[in-house]
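Values quoted throughout were computed directly from the atomic coordinates according to the rules given, and no laboratory measurement underlies them. On a predicted model such as this, the values are computed, not experimentally measured, just so you know. All Cβ positions, even for glycine, are placed from backbone atoms using ideal geometry, and neighbour counts span all protein chains on display.
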Amino acid sequence: MSKTSKLRAVAACLLAGSALAQVGNNEGLADPNLAEAEALAALPHMTEALAETVVSNRPYRSARELDDVLAESLDDGQRAELYRTLFRQINLNDASEADVLLIPDMSARMAHEFEEYRPYASLEQFRREIGKYVDAAEVARLEQYVYIPLNLNTASEEALATIPGITPRMVHEFEEYRPYTSMEQFRREIGKYVDEDEVARLESYVTID
């Protein structure tokens, strides 16, 4: 293999690795759609009753949906503190400004920058663009609150496996029914294996565009 060919191969591997990382690296942030009630109750300002309420209102398709439930019991300051340990990750490409502003310590200016660089094709793009304004540590902190939907027809097995809470069997089923021509087809086929709420949760992490 020539030196040029080797360089191209290395570059392809690096790009593939970046493409896999569509869900932000998690540094201990609990997922409101997946965490057990007991674990939720141990978080700041949470009670057993509120934890049960969070569980009973699943699935959460946005950070705002979770916030609406918690706002009935917690004030703004309490929720802001809680979101350092519990958050419904937001879709970088279509989250509303209100959703983005729920990220702890998010400023109006940074929320604008999140939207300015849409559409995001990868988290590497997110790191590069947001890294123009904050240091690497802050980019890493922000990254755990976001994700970019995976293409149902082209995402690799490894990429699909990064969807929170997905099982190896479900990854196989995602691939089994390709090609997808509509989200209705996805709902119908995956609905053979999980209930409507879980289909809705999984759907939020994928696209056919």
Check: Amide H neighbours of residue 146 under 5 Å, counting only residues 5+ apart in sequence or on other chains, H built in-plane at 1.01 Å?
Finding: 24, 90
Checklist line | Interchain or long-range residues, amide H under 5 Å from residue 151's placed H | finding: 207
Check: Taking amide H positions as placed 1.01 Å from N in the peptide plane, with prolines and chain starts having none, which residues 5 or more places from residue 30, or on another chain, fall under 5 Å of its amide H?
Finding: 86, 87
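Can you tell me the dipole magnitude for region 37-82 around its Cα centre, using point charges on the Cβ only (Lys, Arg +1; Asp, Glu -1), in Debye to the nearest 20? Each step should come with its number before you reach the end.
Values: 4 positive and 10 negative charges, 44 e Å.
So the magnitude is around 220 debye.
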Checklist line | Inter-probe distance in nm under a simple model that places probes 7 Å from Cα toward Cβ, at residue 81 and residue 194 | finding: 3.3 nm
Next item on the list: Would you kindly derive the ³J(HN,Hα) couplings of region 99-112 from the backbone phi angles with the Karplus curve 6.51 cos²θ - 1.76 cosθ + 1.60 (θ = phi - 60°), listing them in order in whole Hz, with x for Gly and Pro?
Entry: 5, 4, 5, 6, 5, x, 6, 7, 9, 4, 5, 5, 4, 4
Check: When the chain is fully extended, how far beyond the present Cα-Cα distance does residue 125 get from residue 98, taking 0.36 nm per residue of separation?
Finding: 7.5 nm
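With the contact rule set at Cα under 8 Å and sequence spacing of 6 or more, what percent relative contact order holds for region 118-196? Could the numbers behind the result be given before it?
Numbers: 32 pairs, mean separation 17.2, N = 79.
Reported relative contact order: 22 percent.
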Note to self: Using Cβ counts within 10 Å as a stand-in for footprinting exposure, how do 53, 154 rank, fewest first?
What the structure shows: 154, 53
Note to self: With unit charges on the beta carbons (Lys and Arg positive, Asp and Glu negative) and the dipole taken about the Cα centre of the chain, which residue among 60, 185, 130 sits farthest to the positive side?
What the structure shows: 130
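For every other residue with a beta carbon closer than 12 angstrom to the beta carbon of residue 40, add +1 if it is Lys or Arg and -1 if Asp or Glu, then tell me the sum.
Numbers: positive: 58; negative: 31, 36, 38, 48, 52.
It works out to a net charge of -4.
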Notebook entry, point to check: Over what distance in Å are the Cα centres of region 51-90 and region 107-127 separated?
Noted result: 23 Å
